1. In the set Cys119, Cys149, Cys97, which member is on the phi < 0 side of the Ramachandran plot, touching a helix residue (DSSP H, G or I) at 6+ places or on another chain (Cβ under 9 Å) and open to solvent by less than 40 Å² (accessible area, probe 1.4 Å)?
2. So how many residues does segment 1-19 have that are within 18 Å of the chain's Cα centre (by Cα) and either surrounded by 18 or more Cβ atoms within 10 Å (Cβ to Cβ) or assigned to a helix (DSSP H, G or I) (or both)?
3. Being within 16 Å of the chain's Cα centre (by Cα), modelled with pLDDT of 95 or more and open to solvent by 50 Å² or more (accessible area, probe 1.4 Å) is the requirement here; does Ser137 meet it?
4. Starting from segment 2-22, take each residue that is over 16 Å from Ala63 (Cα atoms) and at pLDDT 95 or above and list its partners that are open to solvent by less than 20 Å² (accessible area, probe 1.4 Å) and outside any strand (DSSP E or B), counting only C-beta distances under 6 angstrom and pairs at least six apart or across chains.
5. Here are some conditions: (1) open to solvent by 70 Å² or more (accessible area, probe 1.4 Å); (2) under 13 Å from Phe134 (Cβ atoms). Arg102 meets all but one. Which one does it not meet?
6. What number of residues in segment 20-42 are in contact with a Lys or Arg (Cβ under 7 Å, 6 or more places away or on another chain) and either assigned to a helix (DSSP H, G or I) or open to solvent by 40 Å² or more (accessible area, probe 1.4 Å) (or both)?
Amino acid sequence: MGMDVYGKNPINESGEYFRNNVWYWRPLAEYVCSIAPEITKHCENWQSNDGDGLNKTHSMKLATKIREDIDSGVASVYEQTYQNHNAAMPDEDCDICAGTGRRKEAPTTGAGTIPCNACDGAGQVRPFETNYPFELSNVKEFANFLENCGGFEIW
């Protein structure tokens, strides 16, 4: 699943369409909402693909705020802090094999006798939260879209 973001009145190709899979979209949306709540409040459903979005004025204001954070280094610090947080999270017991490295026959879960394919037999996995990457390049691409979209809708 992903978020398809369509420009309402694009001025060029880069403002027509922006797409993120759900893994990339969630941290991007959380970031923009955290840095510009007075702008992003005009879109109530950032984590839903129900057609909500921002108008041209708010899209441009958000693009400006993002560019300011990129130029000042704030966005880069956010990226590094986010990545450091994820890297510091300890591994967790695998739910499929109950942390034993050996699972029950599918479709059941729990400690069993066959090698666990979810954790490759290690018994530990990375926390689910670490599946959501945050990358500055994605932020820059979104800012470019915002500058050229003429407002947007999230589908």
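The values are calculated or read from the model by the stated rules, or taken from the named source; none is laboratory data. Because the structure is predicted, anything quoted here is derived from the model rather than measured. Please note: Cβ atoms are built from the backbone with ideal geometry, for glycine as well, and neighbour counts cover all protein chains shown. Note: accessible area is taken over every heavy atom of the protein model, side chains too, but ligands, DNA and RNA are not part of it. Shrake-Rupley method; radii C 1.70, N 1.55, O 1.52, S 1.80 Å.
1. Cys149
2. So in segment 1-19, the residues within 18 Å of the chain's Cα centre (by Cα) come out as 1-6, 17-19.
Remaining after also requiring either surrounded by 18 or more Cβ atoms within 10 Å (Cβ to Cβ) or assigned to a helix (DSSP H, G or I) (or both): 3, 5-6, 18.
Of the residues in that region, 4 qualify.
3. Numbers: within 16 Å of the chain's Cα centre (by Cα): yes; modelled with pLDDT of 95 or more: yes; open to solvent by 50 Å² or more (accessible area, probe 1.4 Å): yes.
Judged against the criteria, Ser137 is a match.
4. Met3/Trp25
5. (2)
6. Step one: filter segment 20-42 for residues in contact with a Lys or Arg (Cβ under 7 Å, 6 or more places away or on another chain), giving 35-36, 39.
Going one step further and asking which of them are either assigned to a helix (DSSP H, G or I) or open to solvent by 40 Å² or more (accessible area, probe 1.4 Å) (or both), we end up with 35, 39.
Of the residues in that region, 2 qualify.
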